[in-house]
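What follows is a set of notes on a single structure, which appears directly below.
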Amino acid sequence: MADRVIVVFLLLGLLTEITVASATLDFTCITKPRINIDDEDTYIAAYLHGSNGSLSFRQTLAPAGTDHNTETLPPNSSLLATAQSLQESAVFNKLELPVTGGKTRIGAFDCDVTMAGGGSSSITTIIMSSKADFVPRRASLTANLGDAVNLKVTAADLNSQKYRWRKDGSESIRSQKNQLSYDLYNVTNSSSGIYEVHLNGKRRDGSQALMQLIVRDCKQSKWNPPSCNMDCPTCLNGGVCDDTNGDCICPPGFSGDLCKIPEGPNRFGQTGSFRCDSPELGGGPTCAGTLFCLPDPYGCSCAAGYQGIDCNESKYRFQAVIEILVK
């Protein structure tokens, strides 16, 4: 009888783990963070695993376009019909952005999913020019309610001192005129958005720095807004606590309730179900040069084993550790 009771408790524990793991939508949006606008094709790809839904794309900020804030797509772009990916139980779609689109491809884009049973979700990603006048410290930054945040860029030409900051394509922020950093204090959800830095009078050149700020609706290590009375788990390896359900959103290359399971430097998705060397991505050998964006509040990051604004600098020690653990 005692053995039966133990089995029942074990089964209940497994069911609980399965329920918790399924609360986070396994949805990923990937692209190349910076491109040569004069001679390079690029793309944005969206992956959905374990759920049934349709995938689509929007450009939400187009600094070099005729309409800076738009939900249309750059000229000559093409969209695949949503179809099953080569991986099992997954939906894949891809937006091709050929070189003929030029600088209109610079900006912010949303990968959208509409679930078959109702509900939707969006992920924001950005594309910048590899010859931009400014380089951000990172493509996205996640902060907690009430945090102090420093957004910083590096100028390609230190002799030029006429800079402009904008948020979500709005008018330039006068208080930040000619500054390479922007300090925000006691941030709230309204602080979230796409921040942009460009040379005065050169916004349409497509040479600005773009970065996304995401502010969780709770203070650090808390979830369940507005009361935020629940404690977050300790998310490992760069995982982020979802302020709405308390789950850990795991970075590419890791999985598990606490993101402690290494999936390897060539895998992504909340269960490591996708591979960067898959045919739909061109069959490249690694995830180098790829920016992975996940649902808020995670934001965007490089794959496991890579770093830098272009996600092509190897973290040799980190990558070696992952490879040893996976073997």
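Derivation of every value follows stated rules applied to the coordinates shown; laboratory data play no part. These numbers come from a predicted model, not from an experiment. Cβ sites come from the backbone with ideal geometry, for glycine too, and all protein chains shown count toward neighbours.
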Query raised in the report: Could you state the principal axis extents of the C-alpha atoms in the range 96-164, from the largest down, to the nearest angstrom?
Result: 55, 43, 16
Query raised in the report: What is the set of long-range amide H partners of GLY169 at a cut-off below 5 Å, with H atoms built 1.01 Å from backbone N?
Result: none
**Report entry** DSSP beta bridges in the chain [antiparallel fraction, %, rounded to 5]
**Finding:** 90 percent
Query - Relative frequency of Cα-Cα separations exceeding 36 Å in the chain, percent - result: 19 percent
Report task. Name the residue, out of ASN229, ASN178, ASN312, whose mean-square fluctuation peaks in a Gaussian network model built on the chain with Cα pairs under 10 Å. Result -> ASN229
Query raised in the report: For the chain, which longest stretch is free of loop sites, where a loop site is one of the GluC sites (Glu not before Pro) that DSSP puts outside H, G, I, E and B and that has at most 16 other Cβ atoms within 10 Å?
Result: 172-327
